[in-house]
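Contents: one structure, followed by commentary.
No value in this document is a laboratory result; all are computed from the given coordinates. For clarity, every value in this text was computed on a predicted model and none was experimentally measured. Here the Cβ positions follow ideal geometry from the backbone for every residue, glycine too, while neighbour counts run over all protein chains shown.
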Amino acid sequence: MKEIKVFNRKLNSDFKAGITELIHNFDAIEGGSGKRNFIKITQLGQVTLNIKAFKIPHLLNQLVYRFFRKSKAQRSFEYAYKLMNLNIGTPEPLAYYEYKSKFFLKRSFYVSEQLNCDLTYRELTTNFDYPDYDTILRAFTRFTYSLHEKGIHFLDHSPGNTLIKKNGNSYDFYLVDLNRMLFEEMDFETRIKNFAKLTIHKSMVEIMSDEYAKCSDEDFNRVFDLMWNETEYFQDKFHRKKRLKKKLKFWKKG
């Protein structure tokens, strides 16, 4: 099995060796969370690490990732650097690891510095009394507009993937779960569709539409109609898929 490891250039040799040892003993690190992918938070010296172990792909994708496509770990690492170069917040990338056989990609890991935040976007979808609610949601919308202006199409723009930190009287935003991202110019429809996974609440869509219309100098009704239609379409598709999975499980049991 071939081990490929790439590090942040700022790291010294001792720190690199420490990360390597943790990767080699990943399964022995206590705690962790996640279903498809598994994240463990651990300490190395004075630095808290976030180590993400990606699920081993199915057989065909093992072949694809071995020869034809960059692994999720590599993409996460490289996209983090692209974001930072564009002045977009993301936890500091430290390393990625891949384990490859002659024909297949097996395990892969992405290591970043753990970033402690005050909340994620998800809290805004469940607690409408959160302090400074309207200010945060509008600031998040402006942050999304800045992504679009810089040609960043974050395909996993969903509630848990934006960390939010209070910074004096303002808020800073940080993207995580970076492996699905495009860097391209986006038309109006693509930009507004990028909000579709964020919430089921019409009141939130109204606020985001209002702020995005101000940022983009577009008509509020045009923004809102498209954003709400795309939100409803995504929710309908999501629940149809969920019902289908339940039926398939029932048939398998039968």
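Structural remarks
- The value of relative contact order for the chain, using C-alpha pairs under 8 Å at least six residues apart, is 16 percent.
- Cα gyration tensor shape for the stretch 43-102, rounded if a/c is under 1.5, else prolate or oblate: oblate
- Between residue 67 and residue 237, the simple label model (points 7 Å from Cα in the Cβ direction) yields a spacing of 3.1 nm.
- Across the stretch 119-240, the relative contact order, built from alpha-carbon pairs under 8 Å that are at least six residues apart, equals 27 percent.
- Helix 202-216 vs. the chain, principal-axis angle (Cα, 0 to 90°, nearest 10): 90 degrees
- Crossing angle, helix 133-149 versus the chain [Cα axis fit, 0-90 degrees, rounded to tens]: 70 degrees
- When the inverse distances between all different Cα atoms of the stretch 91-158 are averaged and flipped, the Kirkwood radius reads 15.4 angstrom.
- Charge sum, other residues only, whose C-beta stays under 12 Å from residue 115's C-beta, Lys/Arg counted +1 and Asp/Glu -1: -3
- Percent RCO, i.e. relative contact order, over the stretch 2-113, from Cα pairs under 8 Å lying at least 6 residues apart: 32 percent
- Acute angle (nearest 10 degrees) that the helix 72-85 long axis makes with the longest principal axis of the chain, alpha-carbon atoms: 60 degrees
- Cα pair distances exceeding 24 angstrom across the stretch 119-240, given as percent: 21 percent
- Residues whose placed amide H lies under 5 Å from that of residue 106, excluding near-sequence neighbours: 99, 100, 101
- Å³ per residue enclosed by the Cα convex hull of the stretch 1-139: 155 Å³
- Per residue, the Cα convex hull of the chain amounts to 168 Å³.
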